[in-house]
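Read through the structure below, which is laid out as structure tokens, and then see the notes.
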Amino acid sequence: MYKHLFFDLDHTLWDFDRNSAESIAELYEQHKLGELGIESPESFAETFISVNRKLWRAYDLNEITHAYIRENRFPLVFEALGLADTSGLPDLNEGYLSLLPRKAHLTEAARDLLDHLHGRYEMHIITNGFDEIQAVKLASSDIAHYFTHVVTNGSAGGHKKPDPRIFEFALARAGATVQESLMIGDNHEADILGAQGVGLDTVFYNPKSEVVDVKPTYEIRHWQELIDIL
């Protein structure tokens, strides 16, 4: 039935939270942030992940820009940790963007999934991430070779999920029809509702059992379930 599989990258195949936590812990040690009163690398990472997730959600809703995320996420993290005066604190974003994409952790059993599907389906990526950062992530985790096309908001003319135009662009680039294609992602609004907007069947990768109102075509908690579906 399906010939083309379109995957989200961050949180779906590439373990963003684990890779991010490792990068944040390294920054914590490099910049001696414990001396500023930040209790631990774990608390720093936890706060960062929470703030960063909210910013990316706002970005998906067109409320803020990429530039806003880059410029403001660490000041917002410091503020959330109770550091009122951040004027003397280092700009950590450049270091973070250098460390993060070189991390290689994938979500549980993701590599086994890709190995199984490789050669059976044409596989592609649709991501809202920064173009240059996503390319390094794919190379660092050694999964770029699985995918025929990688579509970012940059390559899609500035359109990003859940905008239907990025899905239409990805389908056209792949030479795929809606009927023979399946979108797989962890973000219900961006990946699932966005893909449904152009008529695509969807797989909601939902390992944390998030409750949603609008149902996808399929919902899974582990990658073996996708193999079973296909």
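Any read-out appearing in this document is the output of simple, stated calculations on the displayed coordinates, not a laboratory observation. Here the structure is a predicted model, which means the values were calculated and not measured. When we count neighbours, we look across all protein chains shown, and the Cβ atoms used for this are built from the backbone with ideal geometry, even at glycine.
In the stretch 139-175, which residues are in contact with a strand residue (DSSP E or B) (Cβ under 7 Å, 6 or more places away or on another chain), closer than 17 Å to Thr107 by Cα and in a helix (DSSP H, G or I)?
If the condition is that a residue be in contact with a strand residue (DSSP E or B) (Cβ under 7 Å, 6 or more places away or on another chain), closer than 17 Å to Thr107 by Cα and in a helix (DSSP H, G or I), then Tyr146 is the only one that fits.
Within the stretch 33-61, work out how many residues are outside any helix (DSSP H, G or I) and either in contact with a Phe, Trp or Tyr (Cβ under 7 Å, 6 or more places away or on another chain) or under 20 Å from Asp186 (Cβ atoms) (or both). Before you say what the answer is, go through the steps one by one.
Filtering the stretch 33-61 down to residues outside any helix (DSSP H, G or I) leaves 37-40, 61.
Now restrict to residues that are either in contact with a Phe, Trp or Tyr (Cβ under 7 Å, 6 or more places away or on another chain) or under 20 Å from Asp186 (Cβ atoms) (or both): 38, 61.
Counting residues in the stretch 33-61 that are outside any helix (DSSP H, G or I) and either in contact with a Phe, Trp or Tyr (Cβ under 7 Å, 6 or more places away or on another chain) or under 20 Å from Asp186 (Cβ atoms) (or both) gives 2.
Among Asn72, Asn19, which is assigned to a helix (DSSP H, G or I), in contact with a Lys or Arg (Cβ under 6 Å, 6 or more places away or on another chain) and not hydroxyl-bearing (Ser, Thr, Tyr)? Quick ask: steps written out before the conclusion?
Details: Asn72 fails: in contact with a Lys or Arg (Cβ under 6 Å, 6 or more places away or on another chain).
Selected residue: Asn19, the only one of Asn72, Asn19 that is assigned to a helix (DSSP H, G or I), in contact with a Lys or Arg (Cβ under 6 Å, 6 or more places away or on another chain) and not hydroxyl-bearing (Ser, Thr, Tyr).
Show the residue pairs that are 6+ apart or on different chains and have beta-carbon atoms under 7 Å apart, the first residue being within the stretch 172-187 and over 11 Å from Gly199 (Cα atoms) and without any contact (Cβ under 8 Å) to a residue 12 or more places away in the chain, the second being among the hydroxyl-bearing types (Ser, Thr, Tyr) and assigned to a helix (DSSP H, G or I).
The qualifying pairs do not exist here.
So is Pro101 in contact with a Gly (Cβ under 6 Å, 6 or more places away or on another chain), of a type outside the set (A, V, I, L, M, F, W, C) and buried (at least 19 other Cβ atoms within 10 Å of the Cβ) or not?
Details: in contact with a Gly (Cβ under 6 Å, 6 or more places away or on another chain): no; of a type outside the set (A, V, I, L, M, F, W, C): yes; buried (at least 19 other Cβ atoms within 10 Å of the Cβ): yes.
In short, no.
If you take the residues in the stretch 6-26 that are surrounded by fewer than 22 Cβ atoms within 10 Å (Cβ to Cβ) and of a type in the set (A, V, I, L, M, F, W, C), which one is farthest from Ala174 (Cα to Cα)?
Ala25
Can you tell me which condition Arg111 does not meet? The list is (1) more than 15 Å from the chain's Cα centre (by Cα); (2) of a type outside the set (Asp, Glu); (3) not in a helix (DSSP H, G or I), and all the others hold.
Every condition holds for Arg111 apart from (3).
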